[in-house]
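Participant: Next up is a structure, given as structure tokens.
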Amino acid sequence: MKDPNDAIDFIFKTAPAYAKAKGELAQLEAFKSSLKAIKMAETNEQSLGAQEREAYRSEDYQNLCKAIGHATEQAEALKWQLVAAQLRVEIWRTEQASNRAFDRMVK
């Protein structure tokens, strides 16, 4: 991607997907405590430790943890793609400044 406008277009087009991924991740993280409480209430165990153990070992809780992992992976991939595009713009700016300096030296 030599043209900085391509990198800027990429950032502009990818930002909503990144925002959505971050929102989904935040929503899943927030639901984690609620799901734990729901699962603790569903068990017949009396002690909090046993209730917590049962909540953590539930299939629903394990699936939520997997979903959080997947959402984190998506958000991080998008984040680093955006960072790479920003770096491409910075590299282009540096190259342009170097070219101008070189042009001034040879005149």
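Participant: Just for segment 9-43: of the residues that are under 30 Å from residue 82 (Cα atoms) and charged (D, E, K, R), which one is farthest from the chain's Cα centre (by Cα)?
Facilitator: 9
Participant: May I pose another question? Looking at segment 1-19, I want the residues that are part of a helix (DSSP H, G or I) and have a partner that is of a type in the set (Val, Ile, Thr) and at pLDDT 90 or above with Cβ atoms under 6 Å, at least 6 apart or on another chain. Which pairs are those?
Facilitator: 4/89; 7/89
Participant: Let me ask something else. Filtering segment 44-85 down to residues that are hydroxyl-bearing (Ser, Thr, Tyr) and closer than 26 Å to residue 25 by Cβ, which residue is nearest to the chain's Cα centre (by Cα)?
Facilitator: Across segment 44-85, the extreme among qualifying residues is 72.
Participant: Surrounded by 15 or more Cβ atoms within 10 Å (Cβ to Cβ), of a type in the set (Lys, Arg), at pLDDT below 95 and more than 16 Å from the chain's Cα centre (by Cα): is that true of residue 88 in this structure?
Facilitator: The answer is yes for residue 88.
Participant: Ok, one more. If I filter segment 50-62 for residues that are touching an Asp or Glu at 6+ places or on another chain (Cβ under 7 Å) and of a type in the set (Gly, Ala, Ser), do I get at least one hit?
Facilitator: No, because not a single residue in segment 50-62 is touching an Asp or Glu at 6+ places or on another chain (Cβ under 7 Å) and of a type in the set (Gly, Ala, Ser).
The values are calculated or read from the model by the stated rules, or taken from the named source; none is laboratory data. Fair warning: this is a prediction, and the values are worked out from it, not measured in the lab. Note that each Cβ is placed from the backbone with ideal geometry, even for glycine, and that neighbours are counted across all protein chains shown.
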